[in-house]
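Please read through the structure below; I'll follow up with questions.
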Amino acid sequence: MKHLGWVVSLAACLLAAAGDGAGEASAAPSSEGVRLRAKGQAIYSANCARCHGDDGADTTSYPGAKTLVDITQRLAPAEVIEKSRGFAAVQLQGEDGAALVSHLETLRSGRWPNADLLMETEWVARHLQDAKVRIVDLRSAEAYAAGHIPGAARIGEGPLRDPNDAADYLPRPEVFAELMSKAGIGNDTHVVLYDDQGGRSAARLWFVLNAYGHEKVSLVNGGWLKWAAEQRPASVEVPQVAAAAFKPRKTPEMVCAAPELLARKPGVVVLDTRSGAEFSGEQLSGGSKKAGRIPGSVNIDWKENVTGPHLVFKGAAELKKLYESKGITPDKEVVTY
């Protein structure tokens, strides 16, 4: 896969491994958590699966409706329980309700083939003191100063682009190496990124790190929005980090310059990640118009990859259906922009 866009690129990479994959890249859940999820799965299988599918992504019984996973992602756990009453004679009280919500969480978290690209807030909370992990905040300076995940360094978006590089728009290797060094990021560091925009800013650094050969990088699912909503700890202190040695190694397969794109082979999918209005050239708010698109490209708005009030990534099954509907399958080479 080659990348000109990045949030959609990350979503596609989450799906891009062979096999089904399983679970999160976090530590194993407690025995009580395992028991609760197993009970929730049994409740779901008995009362919900026949209409919503085993993965919560079937809309056959409710044509035109969003998937169960998408709907429940927008609701608080208590609301999930309340709205489930009356369906299939389900009366969820106490532990049964908590069990079903626990199982729905496993559907929402994705069952990703490449689960290590996306970290849940629970995983981040357990690794705040991990010397091998560097958390990076991609929000505005004002937002960072008002409160951030403890120990997180801040990197702005500006240095992550070089407008003078017409070929790939990447920062110069020596400039990027210095930026990473000052943030305490070395070639062995696991970099964990977050923002408050559904990954739009954080995924830019994910892309640049990968473009310079650093694959040990993940996004916080839901970012600051989910972290704050869960009332997890916040800090206003700017951490003092020791400089680290970062040696960039450019990976040409991560970028695709325009001449290469124009000469692309048959079967390459060009994926436009802008809004539908931008893709179609419709009139936008303010009277501006961004006309046209790359000929033959298909459109998936980057916002289609995230859902709910905290802008978490949709589950693997739901995104797999979305991408396959556009002809994007594991056997294709994909270029995003």
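Of all the residues that make up segment 117-162, how many are in contact with a Gly (Cβ under 9 Å, 6 or more places away or on another chain) and part of a loop (DSSP other than H, G, I, E, B)?
Residues flagged as in contact with a Gly (Cβ under 9 Å, 6 or more places away or on another chain) and part of a loop (DSSP other than H, G, I, E, B) within segment 117-162 amount to 6.
Let me ask something additional. Looking at (1) exposed (fewer than 13 other Cβ atoms within 10 Å of the Cβ); (2) modelled with pLDDT of 95 or more; (3) polar (S, T, N, Q), can you tell me which one S235 breaks?
(1)
Give me the pairs: first residue in segment 214-227 and under 15 Å from C13 (Cα atoms), second residue open to solvent by 30 Å² or more (accessible area, probe 1.4 Å) and of a type in the set (A, V, I, L, M, F, W, C), beta-carbon distance under 8 Å, and six or more apart or on different chains, which are they?
S218/A25
Go through segment 160-206 and give me each residue that's open to solvent by less than 40 Å² (accessible area, probe 1.4 Å) and of a type in the set (V, I, T).
Within segment 160-206, I185, T189, V191, V192 meet the criteria.
All but one of (1) open to solvent by 50 Å² or more (accessible area, probe 1.4 Å); (2) within 30 Å of P259 (Cβ to Cβ); (3) touching a strand residue (DSSP E or B) at 6+ places or on another chain (Cβ under 8 Å) hold for L209, so report the exception by its number.
(1)
Next up: Taking V268, is it under 27 Å from V335 (Cβ atoms), of a type in the set (V, I, T) and out of contact with any Cys (no Cβ under 7 Å at 6 or more places or on another chain)? Spell out the reasoning first.
Numbers: under 27 Å from V335 (Cβ atoms): yes; of a type in the set (V, I, T): yes; out of contact with any Cys (no Cβ under 7 Å at 6 or more places or on another chain): yes.
When the stated conditions are applied, V268 passes them.
Take segment 98-110 and flag every residue that is closer than 23 Å to E318 by Cβ and either at pLDDT 75 or above or buried (at least 19 other Cβ atoms within 10 Å of the Cβ) (or both).
Result: A99, L100, V101, S102, H103, L104, T106, L107, R108, S109, G110.
List every residue pair whose Cβ atoms sit under 7 Å apart, with the two residues 6 or more apart in sequence or on different chains, where the first one lies in segment 243-268 and is free of Cβ contacts under 8 Å to residues at least 40 places away in the same chain and the second, anywhere, is assigned to a loop (DSSP other than H, G, I, E, B).
Between residues of segment 243-268 that are free of Cβ contacts under 8 Å to residues at least 40 places away in the same chain and residues that are assigned to a loop (DSSP other than H, G, I, E, B), the close pairs are R249/Y212; R249/G213.
F176 versus (1) in contact (Cβ under 8 Å) with a residue 12 or more places away in the chain; (2) part of a loop (DSSP other than H, G, I, E, B): which is the lone unmet condition?
(2)
Moving on. When you go through (1) modelled with pLDDT under 95; (2) in contact with an Asp or Glu (Cβ under 9 Å, 6 or more places away or on another chain); (3) within 15 Å of F246 (Cβ to Cβ); (4) not aromatic (F, W, Y) one by one for E215, which number turns out not to apply?
(2)
While we're looking at this one, here's another question. If I go through segment 266-282 residue by residue, how many of them are among the hydroxyl-bearing types (S, T, Y) and open to solvent by 30 Å² or more (accessible area, probe 1.4 Å)?
Here is the first cut: in segment 266-282, the residues among the hydroxyl-bearing types (S, T, Y) are 273, 275, 280.
Going one step further and asking which of them are open to solvent by 30 Å² or more (accessible area, probe 1.4 Å), we end up with 275, 280.
Within segment 266-282, residues that are among the hydroxyl-bearing types (S, T, Y) and open to solvent by 30 Å² or more (accessible area, probe 1.4 Å) number 2.
The values are calculated or read from the model by the stated rules, or taken from the named source; none is laboratory data. None of these values were measured; they are calculated from a predicted model. Counting neighbours? That spans all protein chains shown, and the Cβs are built from the backbone with ideal geometry, glycine included. Heads up: the accessible areas ignore ligands, DNA and RNA and are worked out on the full protein's heavy atoms, side chains in. Shrake-Rupley method; radii C 1.70, N 1.55, O 1.52, S 1.80 Å.
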